[in-house]
Ligand SMILES: NC(=O)c1ccc[n+]([C@@H]2O[C@H](COP(=O)([O-])OP(=O)(O)OC[C@H]3O[C@@H](n4cnc5c(N)ncnc54)[C@H](OP(=O)(O)O)[C@@H]3O)[C@@H](O)[C@H]2O)c1
């Protein structure tokens, strides 16, 4: 997969879990990275690891992507530092209360918080980033979805509903981007061994995917070979088809 060494990759929610794994995978390719999360300590630790892994340059910004002015600051600083953004990965997400309440018992404030971070946040970041991508007639936007955003499951409440919204956003925006040179796709990474999953399924007794195992799907969508637009890619199925997983 050809990722050019100076490609600019923006990753939201990069301080742990899948976002961290993606940051380190693109760092190994020598990319320039703009990463964010709300909490600074873990984010700066990932920045340090990214540089050690070979990233050409890393901009780490604390920002809450559900807040417009934070989105503006993150994107403006990235454009001022790198001049362009080649790939945007909308990865940041929250689960909401743990254990997850049934919808009838779901607190209104939590419901609104989950929708704001998981569904409004990617809209705000993409709307700010896509304008320059359209001028440059190139760009790859990758949204991280979930099986809970594809099928409704008891107890997955606001989280699942927010991912249904993200899937609708992806389909609609991809259609609007058709033929522009800018592409938008979504990846369902499968159930991964992360802090979010531990909160969602605290008594989990089955095998989970290591986030490092699914990064190749994102490397593909970011690469010059990728032509997909508007697709929903289930990571393990995609990698098994390519023979990358047994
Ligand atoms: N884990 C799974 O099994 C699974 C399955 C399917 C899909 N997914 C999806 O995969 C993605 C990554 O999940 P994960 O399991 O790696 O989650 P995670 O371990 O909880 O990490 C989430 C990341 O997002 C950041 N974040 C949360 N809210 C934010 C906000 N408002 N603004 C900026 N950053 C924010 C967090 O840092 P701060 O808290 O410091 O902000 C953290 O870096 C998510 O989109 C998730 O929905 C996960």
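The values are calculated or read from the model by the stated rules, or taken from the named source; none is laboratory data. Computed from a prediction, not measured in an experiment: that's the story for all the values here. Counting neighbours? That spans all protein chains shown, and the Cβs are built from the backbone with ideal geometry, glycine included.
The table below gives the values:
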quantity	calculated
Qualifying residue in the range 34-41 (condition: closer than 25 Å to residue 112 by Cβ, more than 8 Å from the ligand (Cβ to nearest atom) and either touching a helix residue (DSSP H, G or I) at 6+ places or on another chain (Cβ under 9 Å) or modelled with pLDDT under 95 (or both))	no
Residue ID - farthest from the ligand (Cβ to nearest atom), chosen from residues in the range 185-208 that are crowded, with 18+ Cβ neighbours inside 10 Å and under 14 Å from residue 19 (Cα atoms)	187
So residue 93, is it loosely packed, with under 15 Cβ neighbours inside 10 Å and within 13 Å of the ligand (Cβ to nearest atom)	no
Top-ranked residue of the range 76-106 - restricted to ones that are in contact (Cβ under 8 Å) with a residue 60 or more places away in the chain and part of a helix (DSSP H, G or I), ranked as farthest from residue 161 (Cα to Cα)	82
Single residue of 121, 160, 109, 168 found to be within 9 Å of the ligand (Cβ to nearest atom) and assigned to a helix (DSSP H, G or I)	121
Breaking point among (1) at pLDDT 95 or above; (2) outside any helix (DSSP H, G or I); (3) loosely packed, with under 15 Cβ neighbours inside 10 Å, for residue 224	(1)
Those residues of the range 166-184 which are under 30 Å from residue 101 (Cα atoms) and buried (at least 17 other Cβ atoms within 10 Å of the Cβ), in sequence order	166, 167, 169, 170
Residue in the range 149-161 that is closer than 21 Å to residue 217 by Cα and surrounded by fewer than 23 Cβ atoms within 10 Å (Cβ to Cβ) present	yes
